[in-house]
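J.: There's a structure below that I have some questions on.
The values are calculated or read from the model by the stated rules, or taken from the named source; none is laboratory data. Since this is a predicted model, take the numbers as computed values, not measurements. Glycine also receives a Cβ, built like all others from the backbone with ideal geometry; neighbour counts cover every protein chain displayed. To get the accessible areas, we keep the full protein, side chains included, count just its heavy atoms, and leave off ligands, DNA and RNA. Shrake-Rupley method; radii C 1.70, N 1.55, O 1.52, S 1.80 Å.
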Amino acid sequence: MEEQGSSYLLEPGLLAAWLAARSIARGLALPVPDHGGWRVDTGSPQEIRRYVFAGPVPAISALAAAIDRPHILIKMCGTGEQLLRLLPPRWQLLPGGYFMTHAGQLPAPALPAGYRLDVATSPAMTTARILTGDGAVAASGHAVEYAGVFIFDRIVTEAAHRRRGLGRVLVAALAARQRSDSARRVLVATEDGLKLYASLGWQTLSAYSTATMT
């Protein structure tokens, strides 16, 4: 992978490990080096592929100039403004997120009355679900331990069940399945999830921005 020095806003090795673990969690091909970042071929009509970079490196401009269709995403550790400065016209920002890590103990709150927790672990992934009394899914999430990281992915609480602490229960249940004490806990939070994770002791390492061609 091409060195870009101080343009990196995140450790490239940490980003690569998270991206590989995320691909495992979502059943995608593992990322491959491309244009000084990584490419993940997602292959869906909504997203053909994505390119991910550890910071605002000059190679992003050359890559974007060569893309001639929508549904190809460029993602970068850094602000949306930093990313847009590297892109030609017709590119627009999509909702961004925050690359976060956690060290130490995660609180393990009690499950509210009327819910039950179901956790299943396979060789590749742990899936946690919180179910209502009639079996409906109120919240769910996934975790993968791989290449020195333990990632949390797709932590979702359904709208009718929010503000009851279910997200905290999910995160704690997944964290309890971490095998290696040395694996770094990593996730990318949305704007909505940022306050929850910050309240649990997660630290933001970088904004995480996304753009696509219109």
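J.: Return the residues of the range 198-214 that are open to solvent by 20 Å² or more (accessible area, probe 1.4 Å) and of a type outside the set (A, V, I, L, M, F, W, C); say none if nothing qualifies. So that I can check it myself, show each step before the final result.
T.: Initial filter on the range 198-214 (open to solvent by 20 Å² or more (accessible area, probe 1.4 Å)): 198-199, 201, 203-205, 207, 213-214.
199, 201, 203, 204, 214 - these are the residues of the range 198-214 that are open to solvent by 20 Å² or more (accessible area, probe 1.4 Å) and of a type outside the set (A, V, I, L, M, F, W, C).
J.: Is there any pair with a first residue in the range 99-126 that is free of Cβ contacts under 8 Å to residues at least 40 places away in the same chain and a second that is surrounded by 11 or more Cβ atoms within 10 Å (Cβ to Cβ) whose Cβ atoms are under 7 Å apart and which are 6 or more apart or on different chains, and what are they?
T.: 114/132; 116/131; 118/129; 118/131; 120/127
J.: A further question follows. Does the range 66-76 include one or more residues that are over 14 Å from the mean Cα position of the chain (by Cα), open to solvent by 70 Å² or more (accessible area, probe 1.4 Å) and closer than 30 Å to residue 184 by Cβ?
T.: Within the range 66-76, not a single residue is over 14 Å from the mean Cα position of the chain (by Cα), open to solvent by 70 Å² or more (accessible area, probe 1.4 Å) and closer than 30 Å to residue 184 by Cβ.
J.: Only one of 144, 169, 186 is in a helix (DSSP H, G or I) and buried (at least 17 other Cβ atoms within 10 Å of the Cβ); which?
T.: On the way: 144 fails: in a helix (DSSP H, G or I); 186 fails: in a helix (DSSP H, G or I).
Every option except 169 fails the conditions.
J.: Which is over 20 Å from residue 15 (Cα atoms), more than 19 Å from the chain's Cα centre (by Cα) and open to solvent by 80 Å² or more (accessible area, probe 1.4 Å), of 177, 163? Outline the logic, then answer.
T.: Values: 177 fails: more than 19 Å from the chain's Cα centre (by Cα).
Unique residue meeting the criteria: 163.
J.: Do you know which of the residues in the range 89-127 that are over 17 Å from the mean Cα position of the chain (by Cα), of a type in the set (A, V, I, L, M) and open to solvent by less than 50 Å² (accessible area, probe 1.4 Å) is modelled with the highest pLDDT?
T.: Taking the candidates together, the pick is 119.
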